[in-house]
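What follows is a short report on a single structure.
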Amino acid sequence: MKKYFITGLLIWIPLAITFMVLAWIVGTLDAILLWLPTEYQPSRYIGFDIPGVGLVASLLIVFFTGLIAANVLGQKLVKLWEALLARIPVVKSIYYSVKQVSDTLFSSSGQAFRKALLVQYPRQGSWTIAFLTGKPGGDAANHLRGDYVSIYVPTTPNPTSGFFLMMPREDVVELDMSVDEALKYIISMGVVAPPTRRVERPALLNE
């Protein structure tokens, strides 16, 4: 009975967690409908709430925003909007910091999160998974002697929080696994290990 019970859990637990995550995402995006006045909300005309309408609306908003921003007029509007935000002290700092990070992460030519690494952290002899984010810049680079790389060490099981470190290149080991495989490894707390394979590794960071 114990064997059958555990087998059943192994089937239902991933399904339940997947359902809860998707329900949270859909519920969060559905909240965008609350921005509409009551008389314009879909539930007023249909008579009941339809889960996922906010998700579809959010996707359409993102799509049409990108469509508008892709032309010359849209780019001018974006620059005008950014110039307006630049006049607000606190908002300016937050907006441009987040914008630089998002531009780096989603850039096809960027180096952020392109390689999975193995580093010793938080002490010698203790190893963890990290991601390459680039090379040190600004005045910090002037105080570092030698060849350094910038890395991000995520926490487990939530990789969205972590630590930014600048480490000597010789202290960093490039792993033969994709970023997706490394993320699964981190989120599963080491339970879901990537397959072992041996291939020739490219340079850690293109100059």
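Couple of notes before you dig in:
- Sequence of ILE13, ILE129 when ordered by accessible area, the most exposed leading, probe 1.4 angstrom: ILE13, ILE129
- Counting all C-alpha pairs of the stretch 139-178, share separated by more than 16 Å (%): 50
- Couplings 3J(HN,Hα) of the stretch 65-75, computed from phi: 5, x, 5, 5, 6, 7, 9, 4, 4, x, 5 Hz, in residue order, whole Hz [Karplus 6.51 cos²θ - 1.76 cosθ + 1.60, θ = phi - 60°; x for Gly and Pro].
- The amide H of MET177, built 1.01 Å from its N in the peptide plane, has ALA116 as neighbours under 5 Å, considering only residues 5 or more places off or on other chains.
- In this simple spin-label model, placing a label point 7 Å from the Cα along the Cα-to-Cβ direction at both VAL62 and TYR4 gives a separation of 4.4 nm.
- Kirkwood hydrodynamic radius (C-alpha pairs) into Stokes-Einstein, the stretch 118-200, 20 °C and 1.002 mPa s, D in µm²/s: 156
- Listed residue (THR133, HIS143, LEU175) projecting farthest to the positive dipole end of the stretch 122-178, Cβ model: HIS143
- Rg then Dmax, both in Å and based on the Cα atoms of the stretch 58-179: 18.3, 56.
- Theoretical FRET efficiency, 1/(1+(r/R0)^6), r = Cβ-Cβ of THR196 and ARG123, R0 25 Å, to 0.05: 0.45
- Largest-first ordering by accessible area, 1.4 Å probe, given options VAL21, VAL119: VAL21, VAL119
- Proximity of backbone amide H atoms, modeled 1.01 Å from N, is registered between TYR121 and SER126, TRP127, THR128 at under 5 Å, excluding neighbours fewer than 5 places apart on the same chain.
- Protection proxy ranking of 145-152, 187-194, by the mean of other Cβ atoms within 10 Å over each peptide's residues and highest first, is 145-152, 187-194.
The values are calculated or read from the model by the stated rules, or taken from the named source; none is laboratory data. From a predicted model like this one, the values you see are computed outputs, not experimental measurements. When we count neighbours, we look across all protein chains shown, and the Cβ atoms used for this are built from the backbone with ideal geometry, even at glycine. Heavy atoms of the whole protein, side chains included, go into the accessibility calculation; ligands, DNA and RNA do not. Shrake-Rupley method; radii C 1.70, N 1.55, O 1.52, S 1.80 Å.
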